[in-house]
1. Identify, please: which residue in region 47-78 is β-branched (Val, Ile, Thr) and closer than 10 Å to Ala37 by Cβ and is, among those, nearest to the chain's Cα centre (by Cα)?
2. Looking at (1) crowded, with 18+ Cβ neighbours inside 10 Å; (2) out of contact with any Ser or Thr (no Cβ under 7 Å at 6 or more places or on another chain); (3) outside any loop (DSSP other than H, G, I, E, B), find the lone condition where Ile52 falls short.
3. Can you confirm whether region 7-21 contains a residue that is assigned to a helix (DSSP H, G or I), on the phi < 0 side of the Ramachandran plot, within 11 Å of the chain's Cα centre (by Cα) and touching a residue at least 60 places away in the same chain (Cβ under 8 Å)?
4. Got a sec? Which of Phe40, Phe85, Phe22 is hydrophobic (A, V, I, L, M, F, W, C) and in contact with a helix residue (DSSP H, G or I) (Cβ under 6 Å, 6 or more places away or on another chain)?
5. Name the single residue, out of those in region 34-49 being closer than 17 Å to Ile19 by Cα and among the small types (Gly, Ala, Ser), that is surrounded by the fewest Cβ atoms within 10 Å (Cβ to Cβ).
6. Against the condition exposed (fewer than 15 other Cβ atoms within 10 Å of the Cβ) and part of a loop (DSSP other than H, G, I, E, B), how does Ile3 come out, does it pass?
7. Go through (1) at pLDDT 95 or above; (2) of a type in the set (Gly, Ala, Ser); (3) within 20 Å of Glu25 (Cβ to Cβ) and name the single condition Ser49 misses.
8. Take the residues of region 67-93 that are part of a helix (DSSP H, G or I) and modelled with pLDDT of 95 or more: which is surrounded by the fewest Cβ atoms within 10 Å (Cβ to Cβ)?
Amino acid sequence: MPIPREQFQKGSDTTENNILNFLKEHPEEAYNAKEIAEAFGVINTNSDSVRISFAVYSYSTLLESLVMKKNVTRKIISGVPYYIFLLVSSDYI
């Protein structure tokens, strides 16, 4: 679906913002892309493998963007990338 020029120029991604807010709301837990997609209802136990693969790829891309912006940090645990909100001192105030 096309988006208006103004939205394109802002470069704001609602899904990316939602992911960031989700991680902010759960600052003591790290999630992988599949778990976040499940939390948003994008995939569930009945989802086929193609939908799961696409969702994990899409969410991984958005999460890596948040890592690049230094909003989120990533660690590989047992071969799986996990993401957690990057707390800074102002977040404790």
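1. Filtering region 47-78 for residues that are β-branched (Val, Ile, Thr) and closer than 10 Å to Ala37 by Cβ, the one nearest to the chain's Cα centre (by Cα) comes out as Val56.
2. Ile52 satisfies all of (1) crowded, with 18+ Cβ neighbours inside 10 Å; (2) out of contact with any Ser or Thr (no Cβ under 7 Å at 6 or more places or on another chain); (3) outside any loop (DSSP other than H, G, I, E, B) except (1).
3. So far as region 7-21 goes, yes, one or more of its residues are assigned to a helix (DSSP H, G or I), on the phi < 0 side of the Ramachandran plot, within 11 Å of the chain's Cα centre (by Cα) and touching a residue at least 60 places away in the same chain (Cβ under 8 Å).
4. Phe85
5. Filtering first and then ranking leaves Gly41.
6. Yes; evaluated as a whole, the condition is true for this residue.
7. Against the list (1) at pLDDT 95 or above; (2) of a type in the set (Gly, Ala, Ser); (3) within 20 Å of Glu25 (Cβ to Cβ), Ser49 comes up short only on (3).
8. First pass over region 67-93, keeping only residues part of a helix (DSSP H, G or I): 67-68, 89-92.
Those still in the list that are modelled with pLDDT of 95 or more too: 67-68.
Working: Val67: 15, Met68: 9.
Across region 67-93, the extreme among qualifying residues is Met68.
The values are calculated or read from the model by the stated rules, or taken from the named source; none is laboratory data. For clarity, every value in this text was computed on a predicted model and none was experimentally measured. FYI the Cβ positions are ideal-geometry reconstructions off the backbone, even for glycines, and counts take in every protein chain you see.
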